[in-house]
1. Tell me which residues come under 5 Å, amide H to amide H, from residue 269 once H is placed; ignore anything under 5 positions away on its chain.
2. Counting only residues 5 or more places away or on other chains, whose amide H sits under 5 Å from the amide H of residue 211 once H atoms are built in the peptide plane?
3. Label points 7 Å out from Cα along the Cβ direction at residue 16 and residue 207: separation in nm?
4. Might you report the magnitude of the Cβ-based charge dipole of region 30-83 about its Cα centre, with Lys and Arg at +1 and Asp and Glu at -1, to the nearest 20 debye?
5. I want to verify a result. In a Gaussian network model of the chain, Cα cutoff 10 Å, which of these has the top mean-square fluctuation: 142, 310, 231?
6. Out of the DSSP beta bridges found with both residues in the chain, what percent are antiparallel (nearest 5)?
7. Please identify, among 162, 46, 301, the residue showing maximal mean-square fluctuation in a Gaussian network model of the chain using a 10 angstrom Cα cutoff.
8. Hey, can you find the accessible area per residue of the chain for me, probe 1.4 Å, expressed in square angstrom?
Amino acid sequence: MQDRYFDNTRIKDFRTCPRKFYFRHSRNWAGTGFMPALVFGSAWHEAMDIVWEIMSKNDPQKLRTQEVAECGYEAFLTCWVENGGPDPKESDPFELDRLQPRVPMNALEMLYAYVDERRALFSRPGFELLAVEQPFAVPLDPEDATLFYVGRMDKIFAIKDEIYVGEHKTSSLYSKASTFRSTFIDSFSPDSQIDGYLHAAHMLYGDKAKAVWVDAALVHKTVPDGFVLIPVERQHAQLDAWLWEARYWIHQIEVNCSLTIDDENSYMSAFPKNTNSCQDFARNCPYIDLCKMWSNPTVKEQPAGFENEPWSPFDRLELNKIGLEK
């Protein structure tokens, strides 16, 4: 490991499958190609940054829905196209229809509905937007000053004297009865990322830290107004459990990274495969074919379909902005 800044991605990948962690974070192999769900989610985040900035700095009851939504859409479309998404002005309609429901036209409809849906939140007495895309680094062990848990909170806001973390999520898991499937709603409690945000918020703001509000948006071809705020709170004992588990998994990561691996063995004596994680939501792990081909991948070259893309939490989260150094 080049540093001891651990984010949820590193820890979650190892928990999911140590061999996946090896491919992604030790060999730095990332899959290539356009991934609609990932790009749509990233573009929605960009739109949310603009919408929240505008609505928090103005009287939300006086803002025109069209003006705010189209400013957000401009940010969405820029991110969408820069990351390989087809530009709706230049693309074949059939190509865009193939990506349904994750297409820019649906995002625009969603933004119109979102602005009207969230006016009540921004109009609450004492509402104040404190930070957008705020990186953080908090110590994980009082006896080890080099070990940090790091991340970036989508939004930090206050309502009167209480501090909240806002986390934007998109989902296509639709339920006719309740808009979102119960499995999606339940997936945030427990959730290592959300619990990590709560731990960091308590470290940064003390007893003023109240909860994480998951700001969920449904991505659906015919339902553009599916939104819900999912509040997640934790008792101190629950956060203590998260802290112990985070340190446990980091220890396992560092042990595996420190092992001396014999390249001549027929198998790799580190980063064992977790074959229960080869499929996730009916999709194959991007490394499944590599695991099928290679018992010991240590001497293998980067295969076709992958690119070298180091995952550095320090660089991705821009931790230099909060005064940290590699």
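The values are calculated or read from the model by the stated rules, or taken from the named source; none is laboratory data. Note that the coordinates shown come from a computational prediction; the quantities given were computed from them, not determined experimentally. Note that each Cβ is placed from the backbone with ideal geometry, even for glycine, and that neighbours are counted across all protein chains shown. Accessible surface areas use protein heavy atoms only, side chains included; no ligands, DNA or RNA. Shrake-Rupley method; radii C 1.70, N 1.55, O 1.52, S 1.80 Å.
1. 262
2. Sorted by chain and number, the residues that satisfy this are 165.
3. 4.0
4. For this selection, approximately 120 debye.
5. Of the options given, 142 has the highest mean-square fluctuation.
6. 70
7. Evaluated over the chain, the most mobile residue of the options is 301.
8. For the chain, the per-residue accessible area is 52 Å².
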